[in-house]
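Report on the structure given below.
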Amino acid sequence: MSLTNLRHNIAVLGADHILLDISSNAYGHGASQIARAAESAGVTKFRVHTHDEFSAARSLLTSSSTLEVGTFDESSVIHCYGLDPTSHRGTRPVMRLSARVMAVKSIRSGDGVSYGYTWRAPADGWLALVPLGYGDGFVRAWGNRISGTWRGSTCLAAGRVAMDAHSLFTAERPAVVGDDVVYFGDSTQSAPTVGDVARLISSPLAAITACLGSRIQRTYVS
C-alpha cells in the first residue's frame, strides 16, 4: 500500500471535501493505517456503513475527527483509493497486488489445468504456481480471465482458482521461483488498474479490493 499515493489523492481531491469511507477494512487496504495516514493528511470526516463497524472504526480515529454511518458512495471510494485513475485525472493507486512464484513446470499444448480442465494450453509453455487463491479473496471468477505481469510479460491465470493457489501460463519464457507477479496497481510494470480488472470481469470496482482477506500480507510504504 502506498501511503504516499493516498496522501497525494487527498491533496488532489482536497482534504476538506473528503468523507473517507473506511468500511470493510478500508476496502481491503487496512483501516488502521489508512485512517492514521488520512488524518495526518488533513482528513477529518470518515464513514462506515453499519453500526456494527462503528465502534471499531471510532477507536482508530482521534477525537477531532467525525465518523458517521452512511450509505456506500462508489465514486468517493474510487477516487480516494485511486482504484481507477483514468476516472479522475491525477489520482494514483494506493494498492498494488502482487505475489511471488512458488513453483514452475512445463506444460504441453492441449494439456488441461486445475479442476475440471476448464482451460487447456494453446501451445507448449510453462505454468507458474502462485500462492493466491479464493481463500485469500482471489476469487474463482478470476480464473481464465485475469492476468499477472512479471518481467514485462502478461500471463493469463489459467484454469480454475484453487483455495490456496492458482496457475499462470506463458508460452514465451518461464518464470523463476521468487519472481514477483503483479496483478494490478503498478503502472511502472504496465499492470492494469483495479478499474481495468473490474471491467474485465464485470464487477464493482470496490468489490475487487474489499474481498482481499487477512491471509494476504499488507506492507505500507510511506
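What follows draws every value from the coordinates through simple rules; no lab data is involved. Since this is a predicted model, take the numbers as computed values, not measurements. Counting neighbours? That spans all protein chains shown, and the Cβs are built from the backbone with ideal geometry, glycine included.
Restricting to the chain, what percent of DSSP beta bridges are antiparallel, rounded to 5?
On the way: 24 of 31 bridges.
Of all bridge pairs located within the chain, approximately 75 percent are antiparallel.
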Simple SL model, points at 7 angstrom along Cα→Cβ for Asp164 and His88; separation in nm is 4.0
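When a footprinting reagent is the concern and you count Cβ atoms within 10 Å, what order do Val104, Val94, Val130, Val221 take, fewest first? The partial results should precede the final answer.
Working: Val104 16, Val94 28, Val130 25, Val221 9.
So the residues, fewest neighbours to most, are Val221, Val104, Val130, Val94.
What's the FRET efficiency of Met102 with Ser65 using the Cβ-Cβ distance as r and R₀ = 30 Å, to the nearest 0.05? If you can, show how the numbers build up before the last one.
Numbers: r = 41 Å, r/R0 = 1.38.
Computed FRET efficiency for Met102 and Ser65 comes out at 0.15.
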Once phi for every residue in the stretch 62-67 is put through the Karplus expression 6.51 cos²θ - 1.76 cosθ + 1.60 (θ = phi - 60°), the whole-Hz ³J(HN,Hα) values, with Gly and Pro written as x, are 6, 5, 7, 9, 9, 9
Which of His166, His79, His51 comes first, and how do the rest follow, when ranked by fewest Cβ neighbours within 10 Å? His51, His79, His166
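Taking neighbour Cβ counts within 10 Å as the exposure measure, how do Val113, Val194 sort from fewest upward?
Least crowded to most crowded, the residues run Val113, Val194.
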With 0.36 nm assigned to each residue of separation and the Cα-Cα distance removed, Ala56 to Gln217 gains 55.9 nm
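With an 8 Å Cα cut-off and a minimum separation of 6 or more residues, compute the relative contact order for the chain in percent.
Values: 492 pairs, mean separation 47.3, N = 222.
Worked out over the chain, it gives 21 percent.
Given an 8 Å cut-off on Cα distances and at least 6 residues of separation, report the relative contact order of the stretch 98-184 as a percent.
Working: 228 pairs, mean separation 32.0, N = 87.
Relative contact order of the stretch 98-184: 37 percent.
If the chain between Glu74 and Arg145 were fully stretched, how many nm would it gain, using 0.36 nm times the residue separation less the Cα-Cα distance? It would help to have the intermediate numbers written out before the result.
Details: separation 71, 0.36 × 71 = 25.56 nm, distance 2.38 nm.
Working it through step by step, the gained length comes to 23.2 nm.
Which order do the peptides 24-30, 40-46, 3-9 take when ranked by the mean count of other beta-carbon atoms within 10 Å per residue, highest first? Please report the intermediate quantities before stating the final value.
Values: 24-30: 23.3, 40-46: 17.6, 3-9: 20.6.
So the order, starting with the most tightly packed, is 24-30, 3-9, 40-46.
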